[in-house]
Amino acid sequence: MDPEIYYAEVIEKTATYVNPGLAKLLAFAGFGVEMKAEGCYIWDQEGKKYLDCLGGYGTFALGHRHPKVVEAVKRQLDIMPLSAKAFFNAKQADLAEMLAKRAPKGLQYTFFSNSGTEAVEAALKFAKATTGKAKIVSTQGAYHGKTIGALATTGKTKYQKNFEPLMPGVEFIDYGNLDQARTAIDNQTAAMIIETIQGEGGIVVPPAGYIAGLREICTRNGALLIADEVQTGMGRSGTLFGCEAEGITPDILTLAKALGGGVMPIGATMGTPEVWDKVFGENPLLHTSTFGGNELACAAGIATIQTIEEDGLLERCRKMGEKLIAGLKQVQIEHSDLVKEVRGRGLMIGVELTMDEVGELSVAQMLKRGMCVAYTLNNPRVIRFEPPFIISESEVDFAVETFRSAIAETSELLASLV
Ligand code: PMP
């Protein structure tokens with residue numbers, strides 16, 4: 001079929017049957033139809049390829065369709081894809097063991113679900129059950145998901161206001177501010193929930209010692225620390241878990257996105273024996289999920305961890321991250337009127353622009369030049385670069401060059417408007 005006709009049909013169907021506003025938004029920004037993907041690239045209906053520097057908000061750590069993950073999932077598909085939910089599930093047990101052996105010491109157990117928000121939902125429930133308290137402290141700009149409990153802790157009122165009342169008892173403090181944490185976390189607090197780097201809030205790296213400081217304040221007040229590593233986890237910030245940067249063990253840790261290797265959806269909530277005893281001690285079915293822990297997703301998770309380790313992808317993530325940050329910082333020097341700051345760790349990188357319009361225009365410019373990026377959900381002034389860890393040096397060069405020319409053209413465009 002003619003690609004133009006096909007494109008018009010997909011837009012029309014999306015607008016009629018999925019979401020009219022979303023169809024308008026994507027078409028306006030210039031996004032085509034995703035036809036196939038491999039490694040660091042996505043192809044649209046015209047056969048044009050895009051370097052994926054968005055990486056599905058951090059999902060494609062191994063790129064698209066990594067052969068080792070695809071192979072493991074295909075093998076499992078022919079044996080048993082979904083759990084019957086009554087027998088023992090060996091794949092679930094294997095993945096849980098692998099996670100426990102790699103996570104900060106003490107996080108022995110894992111509950112599996114299917115998405116990030118479900119992982120957070122479980123974490124909030126587990127904190128309440130463990131402490132018998134209801135107050136949750138979260139941070140402004142935080143993104144923890146959009147189901148009703150997780151949404152209550154997502155620090156952006158625009159996503160919350162149509163759904164009130166949300167889960168009560170949530171208090172927000174500024175991210176990175178330990179003084180506010182000292183005041184907010186008290187003996188009525190069940191948990192503090194924190195991203196080790198704020199993702200959707202605009203790739204905000206906290207001051208050194210912040211996460212360790214929260215750990216200490218929580219312990220002192222008998223509150224739990226929940227590290228939401230849905231985006232930072234599985235190596236995105238250069239270590240398998242973001243909290244490794246400060247050497248602490250949270251009581252509960254959430255994972256999703258990259259854990260499925262870019263092939264399967266999966267969520268995970270890890271916890272200490274103290275937490276599991278309180279939650280599941282009397283009733284092992286207190287929190288359950290029909291699809292959580294299914295064999296297909298767990299096979300993908302196992303292959304993901306093996307691939308990260310066998311292929312040295314954490315080291316590669318750190319190395320490529322440094323190169324990308326250095327390149328983007330050079331562009332910042334050249335265009336300091338439009339680019340305010342480049343920040344991040346590993347391959348979780350944000351570029352803060354001086355105006356919202358620059359974000360929108362330059363994303364479209366980069367797309368036109370064959371690179372897919374987007375701004376962070378809670379902060380449209382920050383463009384995120386979260387490419388696969390398998391990105392090559394020349395692809396990093398391409399990403400920097402594309403950003404450079406997109407910013408230059410945006411600058412000319414803005415100049416012509418005044
Ligand atoms: N927590 C964090 C830190 C996230 O970045 C996200 C998604 N951007 C979520 C939770 C929610 O994950 P999901 O979209 O899979 O529900």
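Suppose we keep only residues that are outside any helix (DSSP H, G or I) and more than 16 Å from the ligand (Cβ to nearest atom) within the stretch 153-166. Which one would you say is surrounded by the fewest Cβ atoms within 10 Å (Cβ to Cβ)?
Step one: of the stretch 153-166, the residues outside any helix (DSSP H, G or I) are 154-156, 164-166.
Remaining after also requiring more than 16 Å from the ligand (Cβ to nearest atom): 164-165.
Values: GLU164: 9, PRO165: 7.
Looking at residues that are outside any helix (DSSP H, G or I) and more than 16 Å from the ligand (Cβ to nearest atom), I get PRO165.
With the condition kept exactly as written, say whether any residue in the stretch 18-37 is buried (at least 21 other Cβ atoms within 10 Å of the Cβ), of a type in the set (Phe, Trp, Tyr) and closer than 22 Å to VAL400 by Cα.
Scanning the stretch 18-37 turns up no residue that is buried (at least 21 other Cβ atoms within 10 Å of the Cβ), of a type in the set (Phe, Trp, Tyr) and closer than 22 Å to VAL400 by Cα.
Tell me, which strands (runs of 3 or more DSSP E) wholly within the stretch 193-307 include 1 or more residues that are over 19 Å from the mean Cα position of the chain (by Cα) and at pLDDT 95 or above? Break it down into steps so the answer makes sense when it comes.
Details: elements: 224-228, 252-255, 267-271.
Of the strands (runs of 3 or more DSSP E) lying wholly inside the stretch 193-307, those with at least 1 residues that are over 19 Å from the mean Cα position of the chain (by Cα) and at pLDDT 95 or above span 224-228, 267-271.
Six or more apart or on different chains, Cβ under 7 Å: which pairs go from a residue in the stretch 278-304 that's of a type in the set (D, E, K, R) to one that's in a helix (DSSP H, G or I)? Could you list them?
Between residues of the stretch 278-304 that are of a type in the set (D, E, K, R) and residues that are in a helix (DSSP H, G or I), the close pairs are LYS278/ALA129; LYS278/THR130; GLU295/GLN76; GLU295/LYS91.
Would you confirm whether any residue within the stretch 162-169 is touching a residue at least 12 places away in the same chain (Cβ under 8 Å), touching a strand residue (DSSP E or B) at 6+ places or on another chain (Cβ under 7 Å) and within 17 Å of ASP228 (Cβ to Cβ)? Show your work before the answer.
First, pick out the residues of the stretch 162-169 that are touching a residue at least 12 places away in the same chain (Cβ under 8 Å): 163, 166-169.
Cutting the leftovers down to touching a strand residue (DSSP E or B) at 6+ places or on another chain (Cβ under 7 Å) gives us 169.
In the following step, the residues that additionally are within 17 Å of ASP228 (Cβ to Cβ) were identified as none.
Checked the stretch 162-169: no residue is touching a residue at least 12 places away in the same chain (Cβ under 8 Å), touching a strand residue (DSSP E or B) at 6+ places or on another chain (Cβ under 7 Å) and within 17 Å of ASP228 (Cβ to Cβ).
Applying the selection to the stretch 129-152, what residues are more than 12 Å from the ligand (Cβ to nearest atom) and more than 26 Å from PRO265 (Cα to Cα)?
First pass over the stretch 129-152, keeping only residues more than 12 Å from the ligand (Cβ to nearest atom): 129-137, 140, 148, 152.
Once the filter is applied, which keeps residues that are more than 12 Å from the ligand (Cβ to nearest atom) and more than 26 Å from PRO265 (Cα to Cα), the stretch 129-152 yields ALA129, THR130, THR131, GLY132, LYS133, ALA134, LYS135, ILE136, VAL137, GLN140.
Within the stretch 357-370, can one find any residue that is touching a residue at least 60 places away in the same chain (Cβ under 8 Å), under 14 Å from ARG404 (Cα atoms) and part of a strand (DSSP E or B)?
Scanning the stretch 357-370, I find no residue that is touching a residue at least 60 places away in the same chain (Cβ under 8 Å), under 14 Å from ARG404 (Cα atoms) and part of a strand (DSSP E or B), so the answer is no.
Anything in the stretch 103-128 that is hydrophobic (A, V, I, L, M, F, W, C) and within 16 Å of the ligand (Cβ to nearest atom)? List them, or say none. Break it down stepwise before answering.
Within the stretch 103-128, the subset hydrophobic (A, V, I, L, M, F, W, C) is 103, 107, 111-112, 119-120, 122-124, 126-127.
Matches in the stretch 103-128: PHE111, PHE112, ALA119, VAL120, ALA122, ALA123, LEU124, PHE126, ALA127.
Just give me the residues in the stretch 167-205 being hydroxyl-bearing (Ser, Thr, Tyr), open to solvent by 20 Å² or more (accessible area, probe 1.4 Å) and within 16 Å of the ligand (Cβ to nearest atom), in sequence order. Even if it seems obvious, please write down each step before you answer.
Start the filter on the stretch 167-205 by keeping residues that are hydroxyl-bearing (Ser, Thr, Tyr), which leaves 175, 183, 189, 196.
Still in the running and open to solvent by 20 Å² or more (accessible area, probe 1.4 Å): 175, 183.
Within the stretch 167-205, just TYR175 meets the criteria.
The values are calculated or read from the model by the stated rules, or taken from the named source; none is laboratory data. These numbers were taken from a predicted model, which means no experiment stands behind them. Cβ sites come from the backbone with ideal geometry, for glycine too, and all protein chains shown count toward neighbours. These accessible areas exclude ligands, DNA and RNA; they are computed on the full protein's heavy atoms, side chains included. Shrake-Rupley method; radii C 1.70, N 1.55, O 1.52, S 1.80 Å.
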